[in-house]
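First the structure, in the form of structure tokens, and then the observations on it.
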Amino acid sequence: MRIAYLEDDGDVAATVSGWLRAAGYDVECFVSGAECAHAVESRCFDVCLFDWIVPDLSGREVLARLQIKLRRAMPAVIFTTGRDAEEDVVAVLNAGADDYIVKPLSRALLLARLEAVTRRQRGVAGGSLRQDFGRLRVDHARRQIVLDEQLVALTERETDLALYLFQNVGRALSREHLIQVVWSLTPDVDTRTVDVHASSLRRKLRLNPEYGWRLVSIYGHGYRLERESSPA
Amino acid sequence: MFGPLAVTRYLRSEALRVALLLALIAVSISGSGLLVRIDHLIFDVGQRLNRRAVPGDVLIIAIDEDSLDRLGRWPWPRDQHARLLQALCASRPAAIAVDIAFSEPSSDPLADAVLAKALADCGNVVLPLVIEATRVGGQLLESPPIPRLAAVAVGIGRTAVRLDEDGIARAVDLREGVGAATWPLLAEEALRVARQLPAQANAIAAPVTPLVARHELLRDQSRRIEFVGPPGTVPRLSYVNLLEGQIASAVFADKIVLVGATAIGLGDFLPTPVSALGQPMPGVEVLANILISMRDGRLISILPMAPTLLLAALLAGVPMLWLRRLMPLPGLLASSAWVLVLGAACALLPGVAQLWFAPAGALFAALFAFPLWSWRRLEAARRHLDQELRQLRAILPESQATQAFPAEIRRLDFEQRIAWVQAAQRSMQALEAQRNEALAFISHDLRTPLASAVSQLESPDGCAPENLLPSLRRALGMAQAFLWLARAEALERRQMKELELTAVLEQAADELYALARQRQVSLVRQLPEAPVWITGDFQSLERCAINLLHNALTYAPTGTQVSIGIDLPAAGEVTFWVANAGPPLSGEQVDRLFQRFSRGDQMAENPSGTGLGLYFVRTVAERHGGEAGVTCAAGTVRFWVRLAAAGVAANHSSP
């Protein structure tokens, strides 16, 4: 796994690339946005880790440039940013980034996000028909979810949404994306429908830290189903 | 930009423009004679105010009612006049002017002869010449005395005065005549005979006779008369008394004697500036006034047109000298005073300097100076105000304005503009206060933990990293809390979106699950199954709930529980709350809790608190149009935030 890491702060770059190398990633650090963009265009990287604010080309400008040049061959992009305001985060996600991490970075969170993103690239989750999360078991083939040995009664759309979320644990999924995937056959679905279904799943499947889960709403922009590290 | 300097410059050029406009007003008023009646009024007031001692050496022999009663109807036989003259001449007056027209021979040729002899004997009698228009055709005729009398008179002069537009006699022409302005005034002739003609009057230039206009009345050297007083001021003696020898002849020695009609029935009367219309002045007294004026060198010159216009234009601009410097009220007073002073000066000028300047144009312009200048100044103020408003609108954040700034400043009236500027000023003050708070925060709250960390690092025996962590965490927490607060203060309702409140609270509870476990407090969610839609800001509401939960978890005793829940007390209203077991708070504590930089009494237990948490909650609630509060009952402390619901159907289930 090759990671292009754009960060202009030398100390942070050294620390973070240390974590990444220790986790087995192949990291190349860049201080300049233009240089980074050039490298990603010419060589093959699997994941880009971009800082938002860099002196010459900002992370977003690099992202925009790469999207034009690489199109479908675009690697996964995760933003690290000191700005956690809603409009900034939503703007990054709308611009096409796969996820974001608010600074200061934590090692566990960074590795978890990278794992989720690369898992999608390897196409692992989709291949598994059955997932066993301890108290929760998901059977994709039968479209059944079992919680504490009890079959959970879900509506059709709730099931669709739940199965898709379990396939994409740790990924930021925008509401628009979820509508396309889950409600593809239903016209005129508004984003509130997604919220209602997400709330419903949260309640019925106990997607809370007590059960080892977190269903995070990203400022109303989308959802990310996360595995909580320390379940009760 | 329209800075203060630009305003000054603008007003300076504006002052010049206003002065020019005033000058234009003055010139056009003066030039057109539109307000000539105002001029007359001022002149007349001046004449009435101007009182002089009546000279005793000019006497009028009055053909009065008494004389008519006793001597019979007018006209009297000319030999009677001859007898009067003989009686007069005996006392050797300096000159005699007879204001009786002898332009036609009398029916008794002998009487004419007797009169002629009397005139010749006296040798100091002047006779009048009348210029009159014939009844038909309006042709002008000069009617001198009959040749026989004219031959023996030592002088012949006109008695005509000029009547102004309002029918009042103010002026005489020193020279006048048909075809050529050659005839002097009767008064001038009488003075010449009496050798009392002042030197400058002798030098009256011979008029240039134009070649054309042979039959027009030509006038030259117009002067205004200075009247010595109202009718009756010049001493009169009755004709009949003199004729009957009842007056001592010595009275007339070396005096100028004027003979003329004062009886109403004879009709020779003129309205004058010093006489009201009801009490006109006899022609002979007007003659006496002309004579006195001329002798004393007090005939009033009229400023010619060109200098009049120039002076009017200059005087019109005078108010600009002070209007630019004065505030409105002193400006108004000064301008009013200027009008009065100018009017008074022009009224008194003839009496002082024998010069008449028609001030109506300058006065009118002076009246206009203040309104015109005020208008321009208001206009300048308005522009400045608009400019300021535009700048304020550009620099002030929208959330600071209590109301949105109007898109179109042009449409506002003056008071509204001022109100806007005041509102903007309040916003500026609020911003200033915020800035000061930020400075206080950075200089104290943020610096203290950082400084403590640095001093630990600098200590010679070194320090373990875990000792640094608390103060650094505290600094970071402070900075974060301050940032959130700043963001909450900038929240605007129109940027808020529709969101589902239970999801927000679930997420906040998720966030604090770890802390709850660590403190061995159970976190209970009492959230409804149906979605609760509100309009709000996701991040700040989530942070609100987190702050409340964090607070509750901090103060809840170990082994108890902390609950988070939603109440729907009424339609359109949503309350979410966080409750923990704890001692009730005193009223004073409650008051202080939601203040900035406040902390509960257990501060010592919780040194990581920022003091901003509950203030943040309150700010967010208020920005959402709601409120935050705390209630204590039955050993439970419950913090709540009341918000407005989005007003949509709550059950929004879908396929």
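The values are calculated or read from the model by the stated rules, or taken from the named source; none is laboratory data. Everything numeric in this text was worked out from a predicted model, so none of it was measured. With ideal geometry, Cβ positions are generated from the backbone for all residues, glycine too; neighbour counts draw on all protein chains shown. Please note that ligands, DNA and RNA were not included when accessible areas were found on the heavy atoms of the full protein model with its side chains. Shrake-Rupley method; radii C 1.70, N 1.55, O 1.52, S 1.80 Å.
Some points to look at:
- Residue match in region B:549-571 (condition: small (Gly, Ala, Ser), facing chain A (nearest Cβ under 8 Å), in a helix (DSSP H, G or I) and under 23 Å from A:TYR211 (Cα atoms)): no
- Every listed requirement among (1) under 23 Å from A:LEU111 (Cβ atoms); (2) open to solvent by less than 30 Å² (accessible area, probe 1.4 Å); (3) touching a residue at least 40 places away in the same chain (Cβ under 8 Å); (4) not in a loop (DSSP other than H, G, I, E, B) is met by A:VAL169 save one, (4).
- Residues located in region A:15-71, provided they are among the acidic types (Asp, Glu) and either modelled with pLDDT of 90 or more or buried (at least 18 other Cβ atoms within 10 Å of the Cβ) (or both): A:ASP26, A:GLU28, A:ASP51
- Unique residue being within 11 Å of another protein chain (Cβ to nearest Cβ) and open to solvent by 40 Å² or more (accessible area, probe 1.4 Å) when the list is B:ALA516, B:ALA503, B:ALA490, B:ALA509: B:ALA490
- Given (1) facing chain B (nearest Cβ under 10 Å); (2) not in a helix (DSSP H, G or I), number of the condition A:HIS197 does not satisfy: (2)
- Filter result for B:ARG51 (basic (Lys, Arg), under 30 Å from B:ALA153 (Cα atoms) and touching a residue at least 60 places away in the same chain (Cβ under 8 Å)): no
- Residue match in region A:216-232 (condition: of a type outside the set (D, E, K, R), buried (at least 22 other Cβ atoms within 10 Å of the Cβ) and assigned to a helix (DSSP H, G or I)): no
- Of all residues in region B:519-534, those satisfying the criterion of being surrounded by fewer than 15 Cβ atoms within 10 Å (Cβ to Cβ) and closer than 17 Å to B:GLN561 by Cα are B:GLN520, B:SER522, B:VAL524, B:GLN526.
Condition check ((1) hydrophobic (A, V, I, L, M, F, W, C); (2) touching a residue at least 12 places away in the same chain (Cβ under 8 Å); (3) out of contact with any helix residue (DSSP H, G or I) (no Cβ under 6 Å at 6 or more places or on another chain)) across all residues:
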| position | (1), (2), (3) |
| --- | --- |
| A:GLY82 | no, yes, yes |
| A:ALA85 | yes, no, yes |
| A:ARG113 | no, yes, yes |
| A:ALA141 | yes, yes, yes |
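- Condition check for A:TYR164 on (1) more than 24 Å from A:GLY96 (Cα to Cα); (2) hydroxyl-bearing (Ser, Thr, Tyr); (3) away from every other protein chain (no Cβ under 14 Å): one failure, at (1).
- Scan of region B:518-546 for residues that are of a type in the set (S, T, N, Q), closer than 27 Å to A:VAL196 by Cβ and touching a strand residue (DSSP E or B) at 6+ places or on another chain (Cβ under 9 Å), ordered by number: B:GLN526, B:THR535
Yes/no per residue for (1) surrounded by 15 or more Cβ atoms within 10 Å (Cβ to Cβ); (2) outside the structural domain of B:ALA151 (by TED's automatic domain parsing):
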| site | (1), (2) |
| --- | --- |
| B:GLU14 | yes, yes |
| B:LEU21 | yes, yes |
| B:SER28 | yes, yes |
| B:ILE63 | yes, no |
| B:LEU71 | yes, no |
| B:VAL98 | yes, no |
| B:PHE102 | yes, no |
| B:SER107 | no, no |
| B:VAL114 | yes, no |
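- Any chance A:VAL194 is in contact with a Leu (Cβ under 7 Å, 6 or more places away or on another chain) and either of a type in the set (A, V, I, L, M) or open to solvent by less than 20 Å² (accessible area, probe 1.4 Å) (or both): yes
- Answer from B:ALA362, B:ALA369, B:ALA358 - the residue that is touching a helix residue (DSSP H, G or I) at 6+ places or on another chain (Cβ under 7 Å) and part of a loop (DSSP other than H, G, I, E, B): B:ALA358
- All told, B:PRO350 falls short of being assigned by TED's automatic domain parsing to the domain that holds B:ARG175 and open to solvent by less than 30 Å² (accessible area, probe 1.4 Å).
- Residue list for region B:310-335, filter: closer than 17 Å to B:GLY33 by Cβ and surrounded by fewer than 20 Cβ atoms within 10 Å (Cβ to Cβ): B:LEU310, B:LEU311
- Checklist (1) at pLDDT 85 or above; (2) open to solvent by 60 Å² or more (accessible area, probe 1.4 Å) applied to A:TYR100, failing item: (2)
- Region A:70-90: number of residues that are outside any loop (DSSP other than H, G, I, E, B) and within 14 Å of chain B (Cβ to nearest Cβ): 6
- Subset tally (residues that are among the charged types (D, E, K, R) and open to solvent by 10 Å² or more (accessible area, probe 1.4 Å)) for region B:151-174: 4
- Region A:48-86, residues that are of a type in the set (Val, Ile, Thr) and either farther than 22 Å from A:HIS221 by Cα or outside the structural domain of A:TYR100 (by TED's automatic domain parsing) (or both): A:ILE53, A:VAL54, A:VAL62, A:ILE68
- Restricting attention to region A:201-215, the residues being crowded, with 19+ Cβ neighbours inside 10 Å, more than 8 Å from chain B (Cβ to nearest Cβ) and either in a helix (DSSP H, G or I) or out of contact with any helix residue (DSSP H, G or I) (no Cβ under 8 Å at 6 or more places or on another chain) (or both) number 3.
- Annotation for region B:25-38: no member residue is in contact with an Asp or Glu (Cβ under 8 Å, 6 or more places away or on another chain) and farther than 18 Å from B:CYS346 by Cβ.
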